[in-house]
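Quick notes on the structure that follows.
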Amino acid sequence: MRAVDTIQRKRDGQELTRAEIEAFIGGYTRGEVPDYQASALAMAVFFRGMNDAETVALTEAMMRSGEVLDLSSLPGPKVDKHSTGGVGDKTSLVLAPLAAACGVYVPMISGRGLGHTGGTLDKLEAIPGFRVGLSLAEFRDVLSRCGLGLIGQTPEIAPADRKLYALRDVTATVESRPLIAASIMSKKMAEGIDALILDVKTGDGAFMKSFEDSKALAETMVAIGRGMGKKVSALVTDMDQPLGRTVGNALETVECIETLKGRGPRDLESLSIELTAWMLRLAGVVAGLDEARARAREALASGAGLEKFRQVIELQGGDPRVCDDSGRLAKAAYTVELRSPRDGRVAGIACRAIGHAAMLLGAGRETVDSRIDAAVGIVLDKKLGDPVARGERYATLHVNDKRRLAEARRMVEDAFRIGPEAPPASPLVRLVLD
């Protein structure tokens, strides 16, 4: 079966067979199919698309290009969450400990931030000593001892995805829905999980800005997961403003710890509780969502979630004292306060611009090789609808390197729109696919 024939069939809009897809991905993983042919197929998929059967076959082929974890020795349901990413999106550090405290195993393989979106691994590495590069054996050990593990993608997990993702980034095919879905789901399905809740962001700060595109991506990923025999549901959630009040790795980690203490922002706590509840429901450890929400809130109120976070930090080499002393996390040398020029309410926040401004300060990556400064970022003292008086602070920049401060400051100032009235309230959860 020649790679060129597979490319030609997809170029001409024909449906690829499972055997064709498996042969192509297998050959690409082994180095028998060159990058230029993989790029050609990616472009053909970009323009011609894939149906559900093709997308499931692509996901399975990419998943089986490496090791699929066998976690059957762990005596309980294994459940994960995946978010498509956004600005200030930090729920993993809250919901994973809460779900583990409620009795499910959470084997979470996460990614790094790029561009305006943050990464779970970058937040975890803001904790002194925390190791995200565990071997699979170490990962299993941590899971068995505390019920959760938080690591990055290893060379053994979906290596075809690692190769194809790098090509998509340089061939203008990143936005292809089947390729996005297969990339995400191949890694998640390789974790050895029983169930998955998807948090698909929509709005200005999301990868998919339009609600229709976000809904379609959610539907595609749910179809893939269920086609592979897993319990999968999805929430489409709002990303028209940053989640919580902080953007930046150490700042967000502190906010997550505060949330686990019951002192976090309302939107971050609410979404974390809701996603945890869905994890418990999909795991089958509760009768329904109301009971699941109650269990998650109890784990938060009792401090059980915080203790799980403390435990996983210690098991993965980090300093658990950060849970009691935020001063052990990096702090920026300077802060710059932005103050309102008029009385009014926050009528709009250009979410993506806030993410880009944080990146300019050093909190995010312009390229995959960019170095992260854990200490820097932005605190939103005001959110959508909040009243603000003339001269009152609405945002604070945490800065080490001042070379791009002026540009970042202008970006944040332009991102905030102060008007006479609050905007219409938008629900945090826009759609549920169950």
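A short reminder: the numbers here are calculations on the coordinates, not readings from a lab. Because the structure is a prediction, the values reported are computed rather than measured. Quick reminder, even Gly has a Cβ in these numbers, built from the backbone with ideal geometry, and neighbours come from all protein chains shown.
Along the charge dipole of the chain, pointing to its positive end and built from +1/-1 on Cβ of Lys, Arg, Asp and Glu, which listed residue (391, 102, 55) has its Cα farthest out? Of 391, 102, 55, it is 391. GNM remark for the chain: springs join alpha carbons under 10 Å apart, and the peak mean-square fluctuation among 87, 336, 379 falls on 336. Annotation for segment 364-386 versus segment 71-128: alpha-carbon center distance of 19 Å. Mean residue ellipticity at 222 nm, helices only, the chain: -14000 deg cm²/dmol; runs of at least 4 DSSP H residues each add -39,500 (n - 2.57), and the sum is divided by the number of residues. Relative contact order of the chain, taken over Cα pairs closer than 8 Å and 6 or more residues apart, is 20 percent. Candidates 205, 189, 218 compared by Cα position along the dipole of the chain: farthest toward the positive end lies 205, with charges placed on Cβ.
Altogether, the Stokes-Einstein calculation at 4 °C and 1.567 mPa s, with the Kirkwood radius of the chain over Cα pairs as Rh, returns a diffusion coefficient of 58 µm²/s. Mind checking which aspartates and glutamates have their C-alpha under 17 Å from residue 215, skipping anything on the same chain fewer than 8 residues away? Hits, sequence-local ones excluded: 52, 175, 199, 204, 238, 240, 434.
When the charge dipole of segment 122-176 is built from unit charges on Cβ atoms (+1 for Lys and Arg, -1 for Asp and Glu) and taken about the Cα centre, the candidate among 144, 158, 124 whose Cα reaches farthest toward its positive end is 144. In summary, the lysines within cross-link reach of residue 209, defined as a Cα separation below 25 angstrom excluding same-chain residues under 8 places away, comprise 81, 90, 123, 187, 188, 201, 382, 383. Restriction of the GluC sites (Glu not before Pro) in segment 147-213 to DSSP coil positions whose beta-carbon has at most 12 other beta-carbons within 10 angstrom yields 175. Rounded to the nearest whole angstrom, the semi-axes of the ellipsoid equivalent to segment 46-112, taken from the Cα gyration tensor as √(5λ), stand at 27, 20, 10, largest first. Counting only Cβ charges, +1 for Lys and Arg and -1 for Asp and Glu, the dipole size of segment 148-228 around its Cα centre is about 120 debye. In a simple Cβ point-charge model (Lys, Arg +1; Asp, Glu -1; nothing else charged), the chain has a dipole of about 540 debye relative to its Cα centre. Here the 3J(HN,Hα) profile of segment 342-352, calculated from phi with Karplus coefficients 6.51, -1.76 and 1.60 at θ = phi - 60°, is 7, 6, x, 10, 6, 8, x, 9, 6, 4, 4 Hz, Gly and Pro shown as x.
Listed by chain and number, the aspartates and glutamates placed with their C-alpha closer than 12 angstrom to that of residue 78 are 70, 191, 194; residues fewer than eight positions away on the same chain are left out. Ranked by the mean number of other Cβ atoms within 10 Å per residue, highest first, peptides 243-249, 139-145, 1-7 order as 243-249, 139-145, 1-7. Per-peptide packing, taken as the mean over residues of other Cβ atoms within 10 Å, places 76-85, 26-35 in the sequence 76-85, 26-35 from highest down.
If only the Cβ of Lys and Arg carry +1 and only the Cβ of Asp and Glu carry -1, the dipole of segment 1-89 around its Cα centre is close to 120 debye. Helix 159-170 and the longest principal axis of the C-alpha atoms of the chain enclose an angle of approximately 70°.
Extents of segment 107-196, taken as max minus min of Cα coordinates on every principal axis and listed largest first, are 42, 29, 21 Å.
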